[in-house]
Amino acid sequence: MNKIISTLGLLATMTLSSYAHAFYTELGASYGRKTTTFDQENSFDTESITGSLSIYFLERMALELSYTDATGVKKEKASLTDPRRTTTQKSQILGADLILAFADKKALFQPYVKGGGAQIKRSQTAVIEGAGTASIDPETATVPSYGAGMKIQLTETFGLKFSYDVWKTPLDGGAQTDDSSIRAGVTWIL
């Protein structure tokens, strides 16, 4: 992850020395939430909060550094006689992505794509009614990430941001799966 950030930072520094007039910074905050309820005893609730700092250069390219804190709570009970099981999964994701915007910063609609890497730290705790608690703390992993989104610039400095982000999350045995998030938030150009 440090190599990715160093390489992207070096690229940004080299580019900025030639194109200082096209340099600007943007702060962002996003929130995501999903609740799925099967019945009174079975539900799944996820929530995530993301903060980001994007350094734009060449008008339509940016280096985005982000931090996401996500929590998912799954409550299960198969029948009246089964014990209730509550599983809580927490993830902290530190990301570094290059963004390519398809419109300039003054456009009302600004679609973009991004790709890079992320460092993911996860933990899981399961509480089984009458049986105790079990915890799993998989190792921290550095994985590829990508996504797409749309900014809607409402004023010269304030806008709305919607995105779909994907991380290649490692599984046991070396395989990977796609974890994804749909987010909505706000951005400020400094």
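For region 89-108, the candidate set comprises residues that are open to solvent by 40 Å² or more (accessible area, probe 1.4 Å) and assigned to a strand (DSSP E or B); within that set, the residue that is farthest from Gly149 (Cα to Cα) is Gln89. Condition test on Val113, is it under 30 Å from Ser79 (Cα atoms), out of contact with any helix residue (DSSP H, G or I) (no Cβ under 9 Å at 6 or more places or on another chain) and either among the β-branched types (Val, Ile, Thr) or not in a strand (DSSP E or B) (or both)? No; evaluated as a whole, the condition is false for this residue. Looking for something out of contact with any Lys or Arg (no Cβ under 8 Å at 6 or more places or on another chain) and more than 30 Å from Tyr24 (Cα to Cα) - is there at least one such residue anywhere in region 112-119? No: region 112-119 contains no residue that is out of contact with any Lys or Arg (no Cβ under 8 Å at 6 or more places or on another chain) and more than 30 Å from Tyr24 (Cα to Cα).
The condition of being in contact with a Leu (Cβ under 8 Å, 6 or more places away or on another chain), assigned to a strand (DSSP E or B) and open to solvent by 80 Å² or more (accessible area, probe 1.4 Å) holds for Tyr67. Taking every residue in region 88-101 that is on the phi > 0 side of the Ramachandran plot and pairing it with any residue that is at pLDDT 95 or above and open to solvent by 10 Å² or more (accessible area, probe 1.4 Å), at least 6 positions away or on another chain, yields no pair with a Cβ-Cβ distance below 8 Å. Against the numbered list (1) assigned to a loop (DSSP other than H, G, I, E, B); (2) surrounded by 16 or more Cβ atoms within 10 Å (Cβ to Cβ), Ile120 comes up short only at (1).
The values are calculated or read from the model by the stated rules, or taken from the named source; none is laboratory data. In this text, all values refer to a predicted model and were calculated from it rather than measured experimentally. Glycine gets a Cβ as well: all are built from the backbone with ideal geometry, and neighbour counts include every protein chain shown. The accessibility values were calculated without ligands, DNA or RNA, using every heavy atom of the protein model including side chains. Shrake-Rupley method; radii C 1.70, N 1.55, O 1.52, S 1.80 Å.
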